[in-house]
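Here the structure is laid out as structure tokens; the discussion comes afterwards.
The values are calculated or read from the model by the stated rules, or taken from the named source; none is laboratory data. This one's a predicted model, so the numbers in the text were calculated from it and none came from an experiment. Note that we place each Cβ from the backbone using ideal geometry, even for glycine, and neighbour counts take in every protein chain shown. The area values use the complete protein model at the heavy-atom level, side chains included, leaving out ligands, DNA and RNA. Shrake-Rupley method; radii C 1.70, N 1.55, O 1.52, S 1.80 Å.
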Amino acid sequence: MTNWKLWLPFGLFALFFIVVAGGLISPSDRTITSKMIGKPLPAFDLPQAVADRPALSTADFNTGTPRLLNIFASWCVPCIAEAPHLQALSDAGAEINGVAIRDKPEDVAAFLARNGNPYTRIGADNLSSVQLEIGSSGVPETFVVDGQGRITYQHIGDIRASDVPMLLEKLEEAR
Amino acid sequence: MRLVAIIVMFLCMTGVAAAQQSMPPAPYAYQQLDDPAQEAEAKALMETLRCLKCQSQSIADSDAPMAGDMRHQVRTRIAAGEDPEAIRAWLVERYGDWVSYAPTVSTMTWPLWAAPVILLLLALFLMRGRLRRGQTDDGEDG
């Protein structure tokens with residue numbers, strides 16, 4: 001009758017062990033996903049980031065065809081890693097619009113000259129205002145926007161080769 | 001000699017930091033508002049908003065460029081006469097409850113508010129018998 005009480009400290013220790021081990025094995029996810037998915041793109045009107053690409057505003061998304069909105073910067077190292085995969089997406093027919101965060105035009109131009117330019121339009125967001133508007137918390141991030149200017153998907157971090165077919169599929173779904 | 005080496009090392013570090021951030025910070029990232037009352041309002045709000053880059057700091061404490069841009073947003077919106085809670089709501093709409101340090105009552109968090117009241121009521125209920133007995137004891141003593 002009283003025997004089970006002897007096991008109580010051990011039971012408590014086992015519980016503590018499981019909780020700590022669980023936290024170590026799978027740490028809680030700290031990525032902040034945008035709550036704007038499924039909502040229309042907030043109104044913005046960004047100036048041109050580089051001379052050879054037009055500027056970007058919300059109105060440009062209302063064309064009937066879905067496209068990718070890529071948040072990048074010349075000072076962002078993972079952006080260099082994702083550049084060839086953005087090019088692959090562009091080669092596969094995806095239209096990619098860029099938002100350059102806190103960047104000088106000459107730095108963006110040098111970045112594009114070195115890593116390729118898959119963008120049809122690039123807006124300069126020097127105050128992270130569009131980034132905050134769409135609920136993005138870092139660079140690089142890529143959003144899928146449908147033909148009516150509604151955000152349908154958010155990809156956080158750099159695009160890897162394995163993400164390319166998935167993003168093409170998301171673009172197809174947004175059609 | 002060692003001191004020189006340390007100084008050189010620190011100079012190199014600032015060089016790296018400068019290369020990462022060639023743009024000047026947003027106008028109101030480090031600049032206070034002219035009206036002290038508005039600045040106080042902005043400061044109070046900034047202290048309860050979480051930095052998205054350095055997640056255990058508020059945007060008032062963080063030197064991350066993105067926190068600077070968030071402070072700029074807060075100050076310009078306050079200067080434009082926007083209500084601090086409306087600015088908080090604007091951020092929560094984009095990033096979820098997560099971005100705000102101010103506790104709220106919702107379907108998810110109500111047990112946190114209710115638990116102390118329930119425990120207090122439970123304690124009173126359990127103590128009820130003892131309190132009554134205590135009274136009768138006093139009566140016998142007197």
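A few points about this structure:
- Percent carbon-and-sulfur accessible area, segment A:1-59, ignoring ligands, DNA and RNA, probe 1.4 Å: 72 percent
- A:T31 - accessible surface, heavy atoms, 1.4 Å probe, Å² rounded to 10: 80 Å²
- Taking a ≥ b ≥ c as the square roots of the eigenvalues of the Cα gyration tensor, an a/c ratio of 1.5 or more together with a/b larger than b/c marks segment A:1-47 as prolate.
- Calculated from backbone phi, Karplus (6.51, -1.76, 1.60) coupling profile of segment A:54-61 in Hz, x at Gly/Pro: x, 6, 10, 9, 4, 4, 5, 8
- Protein-only accessible surface order, largest first, of B:S56, A:S128, A:S162 at 1.4 Å: B:S56, A:S162, A:S128
- Average projection area in nm² (convex hull over Cα atoms of segment A:24-175, one quarter of hull surface): 9.0 nm²
- C-alpha center-to-center spacing [segment A:1-31, segment A:94-119] in angstrom: 50 Å
- Bins of 20 Å from zero: percent of alpha-carbon pairs in the protein assembly as shown: 25, 45, 21, 8, 2
- With viscosity 1.567 mPa s and temperature 4 °C, the Kirkwood radius over alpha carbon pairs of segment B:72-117 converts through Stokes-Einstein to a diffusion coefficient of 107 µm²/s.
- Membrane-span-like helices in chain A (whole DSSP H runs, Cα extent of at least 30 Å along the helix axis, mean Kyte-Doolittle hydropathy of at least 0.5): none found.
- Both radii were evaluated on the Cα set of segment A:62-120; the Rg over Rh quotient, with Rh as the Kirkwood radius, amounts to 0.97.
- Theoretical ellipticity at 222 nm over the protein assembly as shown - DSSP helices of four or more residues, -39500 (n - 2.57) apiece, nearest 500: -15500 deg cm²/dmol
- Accessible surface buried at the A:B interface totals approximately 2000 Å², computed with a 1.4 Å probe on protein heavy atoms.
- Placing a pseudo-label 7 Å from each Cα along the Cα-to-Cβ vector at A:Q48 and B:T107 gives an inter-label distance of 5.0 nm.
- Per-residue mean of foreign Cβ neighbours for B:67-80 is 2 (Cβ atoms of other chains, 10 Å radius).
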